[in-house]
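Engineer: Have a look at this one.
The values are calculated or read from the model by the stated rules, or taken from the named source; none is laboratory data. Note that this is a predicted model, so its numbers are computed, not measured. Virtual Cβ from ideal backbone geometry, glycine too; neighbours counted across all protein chains shown. Keep in mind that these areas ignore ligands, DNA and RNA; they rest on the heavy atoms of the full protein, side chains included. Shrake-Rupley method; radii C 1.70, N 1.55, O 1.52, S 1.80 Å.
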Amino acid sequence: MKITKVRTRVFEWKGHVVPPQSHFCTNATDALYARGDAMGTFRFHGWTVVEIETDEGHVGIGNVALAPRIAKQIIDLYLAPMLIGGDPFDYEYHWQRMYRSTMAWGRKGIGMAAISAVDIAIWDLMGKAVGRPVFKLLGGRTKEKIPCYASKLYRTDLTEMQREAQSYVDQGFNAMKMRFGYGPKDGPEGVRKNLDAVAALREVIGDDRDLMLECYMGWNVEYARRILPKLEKFEPRWLEEPVIADDIDGYAELNALTSIPISGGEHEFTPYGFRQLLERKAVSVIQYDTNRVGGITAAHKINALAEAFSVPVIPHAGQMHNYHLTMSTLASPMSEFFPVHDVEVGNELFYYIFKGDPTPVNGFLDLDDDLPGLGLEISDEYLDQFDIIE
């Protein structure tokens, strides 16, 4: 079997978008004085889809949501030529060649995200070629079903947040994640508003359900030191990305400071990056995203590394590439799930581009033992809502 074609398309959403709201979610640009939409660079309203075809007619599908037009160019100009004529089952060779050949500029960020998309497509292709789901190629079923947490609860009116949280309780979720809307620049009033939001949600969901807290790199170490002791009484499952991804010393300090597990890794790359986080005891929960971290080949290695350090892996953003990894390893106890809703930040675009993602039932997801590859297809239902760049 030989790879004969690599096709990339960028799907840019032109349909309805939920407009940005003030204090919707803290983020890394909050450290600057206000100029425009602070969340603008963290919205993903475009997606690159990669299709890899073989001489036997199998087609594997991969994807990347970071800087999709640039990712397409990287794949078309640099990565695709390395793959043509190769055997997809030589996935380790292909990964190492892409990684090492782009070392000067591609080892982190969008270069690695582009490699991730190609690697995901190769694994989907391998599963289809042998008629087995990807998780069966990675180690098989390690859990009857995948527990998942509902991940939305952006900072809005507290009554609306409570109503949303109650809807997740009614659907059977035993865990959910909220976003903080206030950070260092908002002073003591912002601290109080953050605490009020956590208290309001605990009032609805009680103490017997997990509540995760998300900062999205919008705090700093000094601010986190002040607020963490006040958050401990709410017993959150974790506090996510309190500082920017490059501040590993800050992560390590905060992780040692509090009883609240500090989580991160959504913006980290390759097993090398995660080895550093683990050896420094910088995080108590790993949250890579497979379509950023280096694809399934890299994520599978990170799972093994995390298991050796007894640190759980709970991938960012749900989506099928992450579910297959979660199903196939004991290192990963649960998955994130973004509820299907109107396009807002952009993670929800996955449901508009692809079909095949499982729907949670009473807070659990399952994968089909007999569905080859990732189990995804490109949907034609919303094609008229996208500008598609070949």
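Engineer: Which of (1) out of contact with any helix residue (DSSP H, G or I) (no Cβ under 9 Å at 6 or more places or on another chain); (2) outside any helix (DSSP H, G or I); (3) over 27 Å from Ile70 (Cα atoms); (4) at pLDDT 95 or above is the odd one out, the single condition Glu307 does not satisfy?
Structural biologist: Exception for Glu307: condition (2).
Engineer: All but one of (1) touching a helix residue (DSSP H, G or I) at 6+ places or on another chain (Cβ under 9 Å); (2) closer than 29 Å to Asn322 by Cβ hold for Thr159; which doesn't?
Structural biologist: Condition (2) is where Thr159 drops out.
Engineer: Please go through the stretch 271-309 and give me each residue that is of a type in the set (S, T, N, Q) and closer than 20 Å to Cys148 by Cα, ordered by number.
Structural biologist: Selection gives Ser284, Gln287, Thr290, Asn291, Asn303.
Engineer: Helices (runs of 4 or more DSSP H) wholly in the stretch 104-223 with at least 1 residues that are closer than 25 Å to Pro261 by Cα, open to solvent by less than 10 Å² (accessible area, probe 1.4 Å) and among the hydrophobic types (A, V, I, L, M, F, W, C) - which ones?
Structural biologist: Answer list for the stretch 104-223: 158-170, 187-205.
Engineer: Please go through the stretch 333-377 and pick out each residue that is modelled with pLDDT of 95 or more and among the β-branched types (Val, Ile, Thr).
Structural biologist: Ile353, Val361
Engineer: Leu239 versus (1) farther than 16 Å from Asn27 by Cα; (2) buried (at least 18 other Cβ atoms within 10 Å of the Cβ): which is the lone unmet condition?
Structural biologist: (1)
Engineer: Take the conditions without any contact (Cβ under 8 Å) to a residue 40 or more places away in the chain, surrounded by fewer than 21 Cβ atoms within 10 Å (Cβ to Cβ), under 22 Å from Asp170 (Cβ atoms) and not hydroxyl-bearing (Ser, Thr, Tyr) and apply them to Val340. Does it pass?
Structural biologist: On the way: without any contact (Cβ under 8 Å) to a residue 40 or more places away in the chain: yes; surrounded by fewer than 21 Cβ atoms within 10 Å (Cβ to Cβ): yes; under 22 Å from Asp170 (Cβ atoms): yes; not hydroxyl-bearing (Ser, Thr, Tyr): yes.
Considered against the rule, which asks whether it is without any contact (Cβ under 8 Å) to a residue 40 or more places away in the chain, surrounded by fewer than 21 Cβ atoms within 10 Å (Cβ to Cβ), under 22 Å from Asp170 (Cβ atoms) and not hydroxyl-bearing (Ser, Thr, Tyr), Val340 comes out as yes.
Engineer: I'm checking my understanding of the structure. Among residues of the stretch 284-299 that are open to solvent by less than 10 Å² (accessible area, probe 1.4 Å) and small (Gly, Ala, Ser), which one is farthest from the chain's Cα centre (by Cα)?
Structural biologist: Ala298
Engineer: Just one of the numbered conditions (1) surrounded by 24 or more Cβ atoms within 10 Å (Cβ to Cβ); (2) not in a helix (DSSP H, G or I) is not true of Ile302; which one?
Structural biologist: (2)
Engineer: Moving on to the next point. Given the conditions (1) open to solvent by 70 Å² or more (accessible area, probe 1.4 Å); (2) within 23 Å of Tyr272 (Cβ to Cβ); (3) part of a helix (DSSP H, G or I); (4) not hydrophobic (A, V, I, L, M, F, W, C), and given that Arg69 satisfies all but one, which numbered condition is not satisfied?
Structural biologist: With respect to (1) open to solvent by 70 Å² or more (accessible area, probe 1.4 Å); (2) within 23 Å of Tyr272 (Cβ to Cβ); (3) part of a helix (DSSP H, G or I); (4) not hydrophobic (A, V, I, L, M, F, W, C), Arg69 is out only on (2).
Engineer: Starting from the stretch 273-291, take each residue that is farther than 19 Å from Tyr99 by Cβ and list its partners that are buried (at least 21 other Cβ atoms within 10 Å of the Cβ) and of a type in the set (Ser, Thr, Tyr), counting only C-beta distances under 7 angstrom and pairs at least six apart or across chains.
Structural biologist: Ala282/Tyr251; Val283/Tyr251; Val283/Ser263; Ser284/Ser263; Val285/Ser263; Gln287/Ser263
Engineer: So, Ile286, is that one at pLDDT 95 or above and under 28 Å from Ile120 (Cβ atoms) or not?
Structural biologist: Criteria met by Ile286.
Engineer: Report every pair of residues separated by at least 6 positions or lying on different chains whose Cβ atoms are under 8 Å apart, first residue within the stretch 91-116 and in contact (Cβ under 8 Å) with a residue 60 or more places away in the chain, second assigned to a helix (DSSP H, G or I) and of a type in the set (Asp, Glu).
Structural biologist: Final answer for the pair search is Tyr91/Asp119; Trp95/Asp119.
Engineer: Only one of (1) open to solvent by less than 30 Å² (accessible area, probe 1.4 Å); (2) more than 30 Å from Val221 (Cα to Cα); (3) not in a loop (DSSP other than H, G, I, E, B) is not met by Asp30, so which one is it?
Structural biologist: That leaves (2) as the condition not met.
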